[in-house]
Structure formats: C-alpha cells, structure tokens
Amino acid sequence: MNKGILYVVATPIGNLDDITLRAIKILKEVDLIAAEDTRHTLKLLNHLDISKPLISYHRHNEEVKSDILIEKLKEGQNIALVSDAGTPGICDPGEEVIKKCIEEEINVVPIPGACAMINSLICSGLNTKEFTFLGFLPLNKKLRKNKLEEIKNSNKTIIIYEAPHKLETTLKDLKEILNNRKIVLAREITKIHEEFVRENIDDLIEKSKNIKGEIVLIIEENDNIS
Ligand code: SAM
C-alpha cells in the first residue's frame with residue numbers, strides 16, 4: 001500500500017484572505033487535518049466552507065499524536081498539518097511529526113503561506129540579506145543571558161517574537177546589551193491595527209506600556225562587528 005503524504009500547510013496570521021489557492025485545495029483533498037487547536041481551525045474551515053475530520057496535535061501531545069499520525073500515513077491517508085496561525089513548525093508544533101515522517105520515509109510537502117517573521121522583516125526597512133531568527137527569548141535566566149550575548153555579538157538583523165506583556169522587560173534587557181540601537185516593532189500584521197513602529201530602543205521602551213497585540217521585534221544589524 002502506498003504511504004500517504006504529510007502536507008505542512010500555512011494558514012493566515014490575522015487576515016483570513018491570506019491563504020493560498022493550493023492550501024485551500026489541499027485542505028479540501030486530505031483525509032484528515034491535524035490542528036494545534038481544533039476549535040480555532042474549525043473557524044477557518046467554516047470560513048472556507050470545508051468539512052474534514054480534525055485531530056489535535058499540540059505542544060503537550062506531540063509525541064503521542066505523532067505516532068498516531070504516522071500510523072495513519074502508513075495506512076495511506078493524506079494529512080494536512082496546520083497550526084493556529086502562520087507556518088507550522090515556526091514557534092509552533094510540527095517538528096516532531098516531520099522528523100518521524102522522514103525516519104519512516106513518508107513524504108513531507110510544504111504548502112507555503114503566511115509567516116509573521118518573514119512579513120515583519122520584509123517591511124522593516126532593515127537588512128534582509130542576512131538575518132537570524134531567534135523565536136521567543138528563553139525565560140530561564142542563564143539561557144536568556146546566552147541568547148542576549150548572541151544578539152550582542154551578531155552582525156546580522158535579528159528577529160524575535162514577543163508577547164505584549166513581556167515587551168517592556170525584553171526591551172530593557174536589549175537596551176543593556178545594545179545601547180540605543182534601532183528596532184522595528186511590527187504589530188498585528190495583516191490585521192486592522194497593523195503597525196510598524198521604527199524607533200531606537202529608548203523611545204520604544206517609553207511607548208511599550210501602550211503597545212498591545214501580537215508583536216515581532218526586528219533589531220538592526222551591528223555594523224561595528226565584521
Ligand atoms: N507560526 C507562526 C508564524 O508562522 O509566524 C508563529 C506562531 S508563535 C506561537 C506566535 C507569535 O508569532 C506571536 O507571539 C507573535 O510574536 C508572532 N505573530 C503571529 N502573528 C502575528 C501578527 N499578525 N503580527 C505580529 N506578530 C505575529
């Protein structure tokens with residue numbers, strides 16, 4: 001029996017129109033959709049008028065659910081993997097089942113689309129030729145210190161995801177190592193309150209208490225490091 005295919009499908013990061021024709025086609029064709037939050041994905045599927053069996057696949061059940069998905073793929077079922085927003089695997093579940101598919105020689109196919117880090121970077125006005133994506137900074141003190149050190153010593157544009165309630169603390173940590181470097185804050189991309197705030201760190205700290213919504217920080221490269 002032929003094995004099925006795992007499609008890694010990007011979904012919108014705000015604006016529901018940001019989904020490709022191919023993604024819609026795949027979501028209509030697969031046997032099953034593995035979703036980070038089935039209720040969340042159901043809203044998107046209803047919007048697209050798609051009805052499919054859903055199975056949950058999130059951070060806390062990745063290990064177990066990966067095995068179940070692998071079994072179904074081996075039986076020949078085609079599965080679409082989606083997260084709550086954007087590209088699965090980018091600060092979202094996905095890695096585990098994808099690794100197992102590769103081990104089991106199951107085909108993994110990307111269905112490209114929205115991703116907050118890429119869309120914030122391209123409109124930041126900062127250097128897009130070379131960049132480092134760090135995801136969320138660690139909360140653990142030692143790991144965080146190491147990551148901040150990495151930022152300090154990098155000569156590339158740095159991209160970080162951050163939650164609004166941690167923004168001020170993160171900006172203050174960045175200020176300690178970067179002095180007053182320029183940062184672009186991309187907020188609520190593709191949504192009604194989409195905004196790009198281009199400031200130095202001091203000015204951003206001033207404004208940070210009033211900044212709400214989903215946030216990406218893009219830090220200017222350090223020209224002084226070669
Ligand atoms: N998989 C997603 C992607 O492709 O970008 C990222 C998921 S991660 C759990 C969520 C974080 O992504 C948010 O805390 C925020 O930093 C960023 N993010 C997601 N959607 C965003 C948006 N519309 N505007 C700005 N940042 C966003």
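The values are calculated or read from the model by the stated rules, or taken from the named source; none is laboratory data. All values derive from a computational prediction rather than experimental measurement. Reconstructed Cβ throughout: ideal geometry from the backbone, glycine too, with neighbour counts over all protein chains shown. All accessible areas refer to the heavy atoms of the entire protein, side chains included, with ligands and DNA or RNA removed. Shrake-Rupley method; radii C 1.70, N 1.55, O 1.52, S 1.80 Å.
Points to keep in mind about this one:
- Whole-percent carbon and sulfur share, accessible surface of the chain, 1.4 Å: 49
- Think of each Lys and Arg Cβ as +1 and each Asp and Glu Cβ as -1; about the Cα centre, that makes the dipole of the range 1-106 roughly 300 debye.
- The chain - Rg over Rh from alpha carbon coordinates, Kirkwood radius: 1.02
- Between the range 32-91 and the range 100-132, the alpha-carbon center distance in angstrom: 19
- Amide H contacts of ILE5 (H built 1.01 Å from N, under 5 Å, at least 5 apart or other chain): ASN78, ILE79
- Across the range 103-226, Cα pairs under 8 Å and at least six residues apart give a relative contact order of 31 percent.
- Cross-link partners of LYS99 among lysines (Cα-Cα below 19 Å; sequence separation of 8 or more within a chain): LYS3, LYS65, LYS72, LYS74
- Stokes-Einstein diffusion for the range 169-226, with the hydrodynamic radius set to the Kirkwood value over Cα pairs and evaluated at 4 °C in a medium of 1.567 mPa s, equals 108 µm²/s.
- Once the 1.4 Å probe is applied to the protein heavy atoms, the chain comes out at 54 Å² accessible per residue.
- Structure note, pairs LYS145/LYS212; LYS43/LYS212; LYS43/LYS145; LYS145/LYS207: Cα-Cα distances above 31 angstrom occur for LYS43/LYS145.
- Sequence-distant lysines (8 or more away, or on other chains) whose Cα lies within less than 21 Å of LYS129: LYS152, LYS156, LYS182
- The Rg/Rh ratio of the range 1-52, with both radii computed over alpha carbons and Rh defined as the Kirkwood radius, is 0.96.
- The chain: calculated mean residue ellipticity at 222 nm from DSSP helix runs of at least 4, using -39500 (n - 2.57): -10500 deg cm²/dmol
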